[in-house]
Amino acid sequence: QEIADSLRKIYEADTLSGVKKMNLLGDLAFHENKDLDLSLFYAEQLIKIAEEAGDNQYLYDGYLMKGHTGLRRNNLDMALEAYQNAMEVAEKDNYT
């Protein structure tokens, strides 16, 4: 959680864009443990930005983080849908 708290300051400064911002959002979604709504927000922001950028690696990461958050929130329908979306991206780009 300490990592998420320190990264949040960088996010709130809103000085990053592109790959750096997507990387930050992935780290925030992963490390945010006390506020799962915030973790979900970061994952969804990552998905949105990755879709706009056409970056399938970060799109995959966003769906994966959304799935993990869904599991932690005990929202299995959301988790399953997110994991299926991640799998579709992975299959499309032949990720192993």
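Quick notes on this structure:
- The calculated 222 nm mean residue ellipticity attributable to helices in the chain amounts to -27000 deg cm²/dmol, summing -39500 (n - 2.57) over DSSP H runs of n ≥ 4 and dividing by all residues.
- Per residue, the accessible area of the chain comes to 60 Å² when a 1.4 Å probe rolls over the protein heavy atoms.
- Share of carbon and sulfur in the accessible area of the chain stands at 49%, probe radius 1.4 Å.
- Scoring 12-22, 49-59 by mean Cβ neighbours within 10 Å over their residues and listing the highest first yields 49-59, 12-22.
- In this calculation the C-beta distance from L36 to E81 is compared with R0 = 25 Å, giving a FRET efficiency of 0.90.
- Lys-Lys pairs in the chain that are eight or more residues apart or on separate chains and whose Cα atoms lie under 15 Å of each other come to 5.
- Remark: relative contact order (the chain) = 21 percent; criterion is Cα-Cα distance under 8 angstrom and separation of 6 or more residues.
- The chain: most fluctuating residue of A43, A29, A86 per GNM, C-alpha cutoff 10 Å: A86
The values are calculated or read from the model by the stated rules, or taken from the named source; none is laboratory data. Not measured: the values here are computed from a predicted model. Quick reminder, even Gly has a Cβ in these numbers, built from the backbone with ideal geometry, and neighbours come from all protein chains shown. What goes into the accessible areas is simple: the full protein's heavy atoms, side chains included, and nothing from ligands, DNA or RNA. Shrake-Rupley method; radii C 1.70, N 1.55, O 1.52, S 1.80 Å.
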